[in-house]
Amino acid sequence: MNVTQMEVVVRCTEIDVNGHVNNAKYLEYYEWGREDWFEQQGLDYHTLKSLGAVTVVARAEVDYHQAAHQNDRLTITTWLERVGRTSLRMRQRITGPFGALVSEALFVIVTVSPDTGKPVLVPERLRVLAAPGT
């Protein structure tokens, strides 16, 4: 399983009127984590596009466990859980100071043609990343 981690620091512009990170910002943090995961696998946007597929989010399920605040250092952990014919299941987790669980999420990602926007088979180069021992 290819697990990646990246760190972000909460900025003042990400805080809502309640004094913590706005719930919508977590979707952005998770997107940054997935983009980093793909890049670390050598599958950035242009590479995927050259393989005849780009990715779109079909489902986002986010659980919030505790608030994050300005200047918190958050770690976004991302991994590929499963690969289907035209979709991927990715899991992500955000931990805060001292490893406290802040949020966890499930994303279903569909591979689509960059030309038509219609679902296409997951490229083999991406499919093999879900194989045991990778």
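Given 20 °C and 1.002 mPa s, how large is the Stokes-Einstein diffusion coefficient of segment 66-134 in µm²/s, with Rh as the Kirkwood radius over Cα pairs? Each step should come with its number before you reach the end.
Numbers: Rh = 14.0 Å.
After rounding, the answer is 153 µm²/s.
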Exercise. Do any trypsin sites (Lys or Arg not before Pro) in segment 64-134 lie in a DSSP loop with no more than 16 other beta carbon atoms within 10 Å, and if so, which?
Worked result: Arg85
Exercise. Which whole-Hz ³J(HN,Hα) couplings does segment 13-24 yield from phi under the Karplus relation 6.51 cos²θ - 1.76 cosθ + 1.60, θ = phi - 60°, glycine and proline marked x?
Worked result: 6, 9, 8, 9, 5, 8, x, 10, 4, 5, 4, 5
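Below 8 Å, C-alpha to C-alpha, sequence gap of six or more: please give me the relative contact order for segment 3-130 in percent. All intermediate terms of the calculation are to be shown ahead of the outcome.
Working: 246 pairs, mean separation 36.6, N = 128.
Relative contact order, segment 3-130: 29 percent.
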Exercise. Roughly how big is segment 1-122's charge dipole about its Cα centre, with Cβ charges of +1 (Lys, Arg) and -1 (Asp, Glu), in debye to the nearest 20?
Worked result: 400
For this session: Largest first and in whole Å, give the semi-axes of segment 1-51's equivalent ellipsoid, each being the square root of 5 times a Cα gyration tensor eigenvalue.
Result: 28, 12, 8
Seminar exercise, completed: For the chain, the Cα convex hull volume per residue in Å³ comes to 111
Problem set entry | Selected from Phe98, Val83, Val54, residue furthest toward positive end of dipole (segment 8-134; charges at beta carbon) | Val83
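Here, each number is a calculation from the coordinates, and none is a lab measurement. Note that the coordinates shown come from a computational prediction; the quantities given were computed from them, not determined experimentally. For neighbour counting, all protein chains shown are included, and Cβ atoms are generated from backbone atoms with ideal geometry for every residue, glycine included.
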